[in-house]
Amino acid sequence: MTLTIALSIVLALLFAATGAGKLFGAKTSLEARDHFRMSGTLWRTIGALEWAGAAGLIVGLITWEWIAHAATVGLGLLMVGATVTRLRYDSKPSGVVVDLVLLALLIMLLFLDR
């Protein structure tokens, strides 16, 4: 149970931070958006989904477990999309590895005993 709590909090903080960069237009985030040739609306939508997933991970720890499961699946789907996008636009291999590690952590969280 401790691993579930720790992993949920770490992932929630991480996705809240990356979502904030997208929502509030951090310089590096905007450079990434331009590199991936995404519209501003799509980029902000992804940021909002990251925030929603982060909130879902925390709410799922406090109240209903199914919310955490839904958030984990949603964030996992975002990471699949991120990986495909990075591969499509020939991004740095380190970015692909980070995306795949995050996806693996989300899968692990989904199957941990809550």
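Here are some notes:
- Compactness relative to 2.2 N^0.38 Å, alpha carbon Rg of the chain: 1.06
- Just the protein heavy atoms count here, and of the accessible area of the chain at 1.4 Å, carbon and sulfur take up 72 percent.
- For the stretch 28-85: rounded, prolate or oblate by the Cα gyration tensor [a/c cutoff 1.5]: prolate
- Inter-part distance where the stretch 1-46 and the stretch 51-68 are each reduced to a Cα centre, Å: 17
- Taking the C-alpha atoms only, the angle from helix 93-111 to the longest principal axis of the chain is near 20 degrees.
- Descending by average beta-carbon neighbour count within 10 Å, the peptides 86-93, 11-18 line up as 11-18, 86-93, the highest first.
- Angle in degrees between helix 65-88 and the longest Cα principal axis of the chain, rounded to the nearest 10: 20
The values are calculated or read from the model by the stated rules, or taken from the named source; none is laboratory data. Remember, it's a predicted structure, so these values are computed and weren't measured experimentally. Cβ coordinates were reconstructed from backbone atoms using ideal geometry, including for glycine residues, and neighbour counts include every protein chain displayed. Just the protein is used for accessible areas: all its heavy atoms, side chains included, with ligands, DNA and RNA removed. Shrake-Rupley method; radii C 1.70, N 1.55, O 1.52, S 1.80 Å.
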